[in-house]
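First up is the structure itself, then whatever we jot down about it.
The values are calculated or read from the model by the stated rules, or taken from the named source; none is laboratory data. Being a predicted model, the structure only gives us computed values, none of them experimental. All Cβ positions, glycine included, derive from the backbone under ideal geometry; neighbour counts span all protein chains shown. Side chains included, ligands, DNA and RNA excluded: accessible areas come from the protein's heavy atoms. Shrake-Rupley method; radii C 1.70, N 1.55, O 1.52, S 1.80 Å.
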Amino acid sequence: MYLTREEERMLAGEYGYAAQKAMEILVALGKVYGAERMIEIKSAQVSGVSYKNIGDEGLEFLLELAKDGRVRVPTTLNPCGMDLERWRELGVPEDFAEKQVKVIEAYLKLGIKATLTCTPYLAGNLPKFGEHIAWSESSAVIYANSVIGARTNREGGPSALAAAIAGRTPLYGLHLDENRIPTVEVSAPDLTREYEYAVLGYLVGRIVGDGTPLFRGLKLTSPDQLKALGAGLACAGGVALFHVEGVTPEAIRNRRMKAEEKIEVTGSELEEEAAKLNDESIEPDLIFIGCPHSSIEQITAFYSLLRERPVAKKTWIFASRAVRDQAREIGLLDKLKKLGVEIICDTCPIVAPIREMGVKSIATNSAKGAYFSRNLNKLKVKFKPLEELVEEAVR
Ligand code: F3S
């Protein structure tokens, strides 16, 4: 693999321990994937932030890097295990919080912004079309590639962090034109709700694995629908890029885009898939939206559906601080609070120690949230469209 003089010096340790470690990781990755050289990146987004996921071993690794390391490009963080301001009131155990703070401090020392969101593109880290980046949260990766047209592989936490420190990543995979063409065409019925797009993504993700689907016939109108579709695809499969005919930027630029393999998804298949994620009989301890983190439009839609009715169950909206602040500015935060709905920042119900916080069952409109709540956190799950979720909350 060709390395520039500067890259060789980093690898030799002339820029310190962290830069050397970072280059070692990147060179190893580049060799595995046959990269000819490195490419400079414009931004990084790092997952592996919750102490629940990285544990003491991850914390040690970060502390080592933070001794002399510093990121070279704007870098943001995925959600951590707790709302940094409200963890006590939300029931996060003290010993967990202590470790979590140490993790965040290490990242801050590395020069990373504690945005703590899986929607960095709604919180100041918005790449441009065609830019090379190194992101690691799967729902953000697929959004960046597909909806924005930026270029990133589906990095792991350590490789995204290495890329941030080195300011570059090996040139392979989705950084190259030839790997961004569709592998399968998907025709699907006309859908409207985000929930339906989440199910479509979840079903197609399972079918295509790590392929690149090209959707035909979808009349998506909002970025939130694309966000839900992408999160479903990335969660059920290894999909990191999709195209929607006439909608996503690369499909608009290349109208002749096509693939040999074709599949058709029907409305009844979508209903069956949704039913698999739903346990109708449960009484949820927590109702949540915001997986991926909510946009201001999603929060507004939730509020409108409440029609001034207070909630009768614990109801949380997960969002970045940037979006929460927008909600505050337009008075939405207060209005929701009066109805008993909380906006929670910095974290999400999947990476928080949710069982220790007394939650054993949830209801959500997110296919990804439903899938991981059940399979990772071992919670009982109700999976419903937004309208029904709101009715569940006020009942
Ligand atoms: Fe974001 Fe957590 Fe869902 S990181 S995509 S809210 S699992």
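Structure data summary
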read-out: Choice from A166, A97, A363 with maximal GNM fluctuation in the chain (Cα, 10 Å cutoff); value: A97
read-out: Cut-off under 5 Å, modelled amide H: who pairs with L214 long-range; value: T183, V184, E185, V186, H243
read-out: Surface per residue (accessible, 1.4 Å probe) for region 173-309, Å²; value: 44 Å²
read-out: Prolate/oblate/rounded call for region 47-109, Cα gyration tensor, a/c under 1.5 rounded; value: prolate
read-out: Net length gained if the chain between D68 and L108 were fully extended (0.36 nm per residue, minus Cα distance); value: 13.1 nm
read-out: Under-5 Å amide H pairs with T115, H placed in peptide plane, nonlocal only; value: L77
read-out: Span-like helix ranges in the chain, DSSP H, alpha carbon extent 18 angstrom or more, Kyte mean at least 0.5; value: 17-32, 194-208, 223-236
read-out: Mean separation of Cα contacts under 8 Å (6+ apart) over length of the chain, as relative contact order %; value: 18 percent
read-out: Point-charge dipole on Cβ atoms (K/R +1, D/E -1) for region 160-214, about Cα centre, debye to 20; value: 240 debye
read-out: Tensor-based shape of the chain (alpha-carbon gyration tensor, a/c under 1.5 rounded, otherwise prolate or oblate); value: oblate
read-out: Region 170-217, relative contact order [Cα under 8 Å, separation at least 6], %; value: 56 percent
read-out: Added length on full extension, which subtracts the Cα-Cα distance from 0.36 nm per residue, E98 to R193; value: 30.2 nm
read-out: Most fluctuating residue given options L161, L176, L110, as computed from a GNM of the chain linking Cα atoms under 10 Å; value: L176
read-out: Where labels lie 7 Å past Cα in the beta-carbon direction, separation of I181 and S268 in nm; value: 3.6 nm
read-out: Candidates F302, F242, F288, ranked by Gaussian network fluctuation over the chain, Cα under 10 Å, top entry; value: F302
read-out: Area accessible to solvent at H132, 1.4 Å probe radius, in Å²; value: 40 Å²
read-out: MRE, 222 nm, helices only [DSSP H, n ≥ 4, -39500 (n - 2.57), over the chain, to nearest 500]; value: -12500 deg cm²/dmol
read-out: Apportionment of accessible area to carbon and sulfur, the chain, percent (1.4 Å); value: 50 percent
read-out: Theoretical gain in end-to-end length, E14 to A275 [0.36 nm per residue, Cα-Cα removed]; value: 88.3 nm
read-out: Sequence-distant residues sharing a close amide H with A363 (under 5 Å, placed H); value: L286, I287, F288, K382
